[in-house]
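Remarks on the structure that follows.
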Amino acid sequence: MTMDLNRRQLLGLAGTLGGVAALSGCAGFSRPDTATGADELTFTTWGSDSELLGFEQAIAAFEESNPGAKVTLNVVPFAQMFENIDAQLQSGTAPDIFRVDYDNLGVYSGRGQLLDLGPYIDDAVGNQFTDQMWRAVQFDGAPYGVPHHTDTSTILYNKDAFAAAGITAVPDTLESAWTWEEFDQVATTLRGQLSDDRYPFAYNWQASGVTRWLSWLFQADGRFLADDLMTPAIDSAAGRAAVDFTKGFFPRRLVPENSSVKSSTFASDIFFSETSTMTFAGAFLLPDAAKLAPFEWGATFSPRNKRGGGDLGGNALVATSETTKPELAAEFLTFMTREETMFNFCVGASLLPTLKSLVGEDLPFAERGDLATYFVQQASNVRPDDAAQIASPAMAAINTVLSDELEQAFIGGQSTDDTIANITAGITEATSR
Amino acid sequence: MSAVAGAGTRSGRASRTGRRRRHSETLAGYSFLAPNLIILGLFLFIPVGWAAGISLQSTNGFGSGDFIGFENFARLARDPIFWQSAFNTALFTALIVPLSMGLGLGLAVLMNSVLPARGLFRTIIVLPMVISGVATALVGVLIFDQNNGVLNKLLKASGLGAIPWQSGGAAAFASVVLVTLWWRVGFNMIIYLAGLQGVEPELYESARIDGASSWKQFRYVTVPMVGPSTFFLLVMNVIYSFQVFDIVYVLTNGGPGYSTSVLVTYAYQNGFVTRDQGYAAAIGIVLLILTLAFTALQWRFSRTRDQVG
């Protein structure tokens, strides 16, 4: 019996030690992502195959031109990207560099999580970027990242469906883009021609794309934040015009009922399946459209109203404030936005450059390079003031407010006045947090 | 006296030996439990305590938050979206728990009988269970797409009108329930099947001799005999339903409006999108309290019912 007990004790002890050993092993989970070598950087990103290929090639070129330097690329799915980064920043295990969209950049820069690149980069670097893109990476006048690329939405249209509706020409210059009235007329004509289960267009504000609704607001010459970037400014004639105009798409069946801001169906899929004859889409969708749209299609510019306006797509590269190698990190970020590196990356991944010197260049995209000019010109409609609002630290919370309230306006029957009042209240709460 | 003393000494020694033995056994028991307790402590109890602490703070997702007492809970009480999400969660639970258990039991009885190719049928029913909830929901998106989904195409082809699965609140809720049932019924069936295989055939034989019909055999033999399985499934299904996230998030993202928003998707929205983590933690704590309360009630209520005979 004594032996028996001893054996139990022994097994129990072994179990305890085993558990402790297993948990010690778990410490590996919390290994900091910050590289420990003096010339080593860690870089976390998500990306399509062509984007990742572009990153790998750029990293190889950086390592070649900086002997001894090493950049470790961590690839994570987009859906988990910012949850991971948030957790890593909170636990002090963040990478040295990460990729971030302009909506989220302000969340990090405004909360002290990013490296102020001011002391590490030449003042002239900022002048190389287009004004709006350089503004998009700033907080309180300091640059917290480099604008790696941008993207914006134009209209892709089904040529056969347009011909069937008697629409034979579309605007081919930014200046001649449809006004809201002309766009509405085109959509109404299409509605009259299409069968009941097809629709004139779909707008790409689904999922995390609700920021794209702001293009309508900017086109109406409105803004959602005042100059102080804190006070709500959507309660205006422009704000009401934007809500009224876009809200009208649904009851008039100009867009499918299931294409509102919370829908799980993307506008591009609605277009590819020929349920809609137009879609608003970024340049990044050109390769998909070439593969998936079983019809002839072309591009034209987004509509304009008081002025032209577009969404601020694309991503920046940032360094974390806790990086132990700020000089190397800044050098890497500068390298990634050099003319040649940016050109190769943008051409490979069908994205738009942010350097002034590349804006007028031909971009030989692998798919439909002939349409690149529409996107490049459309991106010039984004103004530095628009970019400054989108770079607000409260943008993530404002997006939630927009998503909730626009959904109610579009398919919940909420009036324009209530929508504007609720968005105003939501922005006040978001900016005061 | 000395005999008594001797007996006392022997008794004392025996008592000390017994205590030592019990002590050793207790120690051994805890040693076996230790790995699990350490893991539970590190990955469950400490995070729950931490979340309770965060629920009393105002945070922006980074750095230390400001202590605000129960303000987040007071906000919850005033928040109509929270109440809508709580109602949706309760409705979802009220539908999913009985339907998944009822269908699971029915299928288990069927699969436990002499059915041709029952191995194949069992596999088909259990198959969704081995796929992740996200993948199941993605298949659901293909089925319930309002314009191009398989279901609406079938409905239109058969002359019935299309159903607004994505733009109608009630239809969207129904789509979430249907996809969840497809995913969960297999699990319920497996548990009931295991329970049924422990039921002695003699019980049915004697019931038949007593003239019991098939329904009466099911009602008075099968149902009571699978009582422990029912209790287990009741607890598991209620907990699952309270915590539903992946299917709702992928299939409807809580929409249209807030018609399919549930407590966990609302907590996720606040915690990881808006980064109002104190508020999200408060929702989590409310969910924890609700789950514990329901589980305790079920435990108490079921003690007299989960005993066979």
Single residue of the stretch A:84-106 satisfying the filter (in a helix (DSSP H, G or I), touching a Ser or Thr at 6+ places or on another chain (Cβ under 9 Å) and not charged (D, E, K, R)) that is farthest from A:Phe43 (Cα to Cα): A:Gly106
Any chance the stretch A:194-201 includes a residue that's outside any helix (DSSP H, G or I), within 14 Å of chain B (Cβ to nearest Cβ), surrounded by 21 or more Cβ atoms within 10 Å (Cβ to Cβ) and within 23 Å of the chain's Cα centre (by Cα)? yes
Pairs please, first residue from the stretch A:232-253 and more than 23 Å from A:Ile411 (Cβ to Cβ) and modelled with pLDDT of 95 or more, second anywhere and of a type in the set (Ser, Thr, Tyr) and part of a helix (DSSP H, G or I), Cβ atoms under 8 Å, 6+ apart in sequence or on different chains. A:Pro232/A:Thr424; A:Pro232/A:Thr428; A:Pro232/A:Thr431
Please work out which residue is farthest from the other protein chains (Cβ to nearest Cβ), limiting yourself to the stretch B:66-85 and to residues that are in contact (Cβ under 8 Å) with a residue 60 or more places away in the chain and under 26 Å from the mean Cα position of the chain (by Cα). B:Phe73
If only one of B:Ile54, B:Ile81, B:Ile46, B:Ile39 is over 25 Å from A:Phe82 (Cβ atoms) and either among the β-branched types (Val, Ile, Thr) or touching a His at 6+ places or on another chain (Cβ under 8 Å) (or both), which one is it? B:Ile39
So for the stretch A:138-155 (the condition being of a type in the set (A, V, I, L, M) and under 30 Å from A:Asp227 (Cα atoms)), does at least one residue qualify? yes
Note on the stretch A:107-125: residues within 14 Å of chain B (Cβ to nearest Cβ) and assigned to a helix (DSSP H, G or I) are A:Val107, A:Tyr108, A:Ser109
Can you list the helices (runs of 4 or more DSSP H) lying wholly within the stretch A:361-433 that have 2 or more residues being among the acidic types (Asp, Glu)? A:384-390, A:395-411, A:416-432
Could you check how many residues of the stretch B:125-161 are in a helix (DSSP H, G or I) and either over 30 Å from the mean Cα position of the chain (by Cα) or within 30 Å of B:Met225 (Cβ to Cβ) (or both)? 12
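Quick grid of which residues meet (1) modelled with pLDDT under 90; (2) more than 10 Å from chain A (Cβ to nearest Cβ); (3) under 17 Å from B:Gly257 (Cα atoms):
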| position | (1), (2), (3) |
| --- | --- |
| B:Leu151 | no, yes, no |
| B:Leu155 | no, yes, no |
| B:Leu160 | yes, yes, no |
| B:Gly169 | no, no, yes |
| B:Ala174 | no, yes, yes |
| B:Thr180 | no, yes, no |
Go through B:Asp276, B:Asp246, B:Asp210 for me and flag whichever is under 18 Å from B:Phe92 (Cα atoms), assigned by TED's automatic domain parsing to the domain that holds B:Leu181 and among the acidic types (Asp, Glu). B:Asp246
Looking only at the stretch A:268-292, and only at residues there that are in contact with a Pro (Cβ under 9 Å, 6 or more places away or on another chain) and crowded, with 18+ Cβ neighbours inside 10 Å, the one that is nearest to A:Leu371 (Cα to Cα): A:Met278
Applying the selection to the stretch B:243-269, what residues are more than 8 Å from every other protein chain (Cβ to nearest Cβ) and in a helix (DSSP H, G or I)? B:Asp246, B:Ile247, B:Val248, B:Tyr249, B:Leu263, B:Val264, B:Thr265, B:Tyr266, B:Ala267, B:Tyr268
With the condition being more than 20 Å from A:Thr189 (Cβ to Cβ) and either away from chain B (no Cβ under 14 Å) or acidic (Asp, Glu) (or both), I'd like the strands (runs of 3 or more DSSP E) fully within the stretch A:244-332 carrying at least 3 qualifying residues. A:313-319
Given the conditions (1) under 20 Å from B:Val262 (Cβ atoms); (2) within 14 Å of chain A (Cβ to nearest Cβ); (3) buried (at least 19 other Cβ atoms within 10 Å of the Cβ); (4) not aromatic (Phe, Trp, Tyr), and given that B:Asn147 satisfies all but one, which numbered condition is not satisfied? (1)
Considering the stretch A:333-354 alone, what residues qualify as being outside any loop (DSSP other than H, G, I, E, B) and closer than 26 Å to A:Asp288 by Cα? A:Met336, A:Glu340, A:Thr341, A:Met342, A:Phe343, A:Asn344, A:Phe345, A:Cys346, A:Val347, A:Gly348, A:Ala349, A:Leu352
State whether one or more residues within the stretch B:104-122 are within 15 Å of the chain's Cα centre (by Cα) and farther than 21 Å from B:Ser261 by Cβ. yes
Name the one entry in A:Glu175, A:Glu181 that is over 30 Å from A:Val318 (Cα atoms), without any contact (Cβ under 8 Å) to a residue 40 or more places away in the chain, outside any loop (DSSP other than H, G, I, E, B) and among the acidic types (Asp, Glu). A:Glu181
Name the single residue, out of those in the stretch B:21-65 being within 8 Å of another protein chain (Cβ to nearest Cβ) and closer than 20 Å to A:Ser432 by Cβ, that is surrounded by the fewest Cβ atoms within 10 Å (Cβ to Cβ). B:Gly63
When the stretch A:322-337 is examined, which residues are found to be surrounded by fewer than 18 Cβ atoms within 10 Å (Cβ to Cβ) and out of contact with any helix residue (DSSP H, G or I) (no Cβ under 9 Å at 6 or more places or on another chain)? A:Thr324
Which residue is surrounded by the most Cβ atoms within 10 Å (Cβ to Cβ), if the candidates are limited to the stretch A:71-99 and must be within 14 Å of chain B (Cβ to nearest Cβ) and either under 14 Å from the mean Cα position of the chain (by Cα) or at positive phi (or both)? A:Phe82
Single residue of A:Phe295, A:Phe301, A:Phe345 found to be within 22 Å of the chain's Cα centre (by Cα), farther than 25 Å from A:Glu64 by Cα and either crowded, with 18+ Cβ neighbours inside 10 Å or not basic (Lys, Arg) (or both): A:Phe301
Could you look through the stretch A:407-431, keep only residues that are within 24 Å of the chain's Cα centre (by Cα) and more than 11 Å from chain B (Cβ to nearest Cβ), and pick out the one that is nearest to A:Phe139 (Cα to Cα)? A:Thr431
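The values are calculated or read from the model by the stated rules, or taken from the named source; none is laboratory data. Keep in mind it's a predicted model, so treat the numbers as computed, not measured. Using ideal geometry, Cβ is built from the backbone for each residue, glycine included, and neighbour counts are taken over all protein chains shown.
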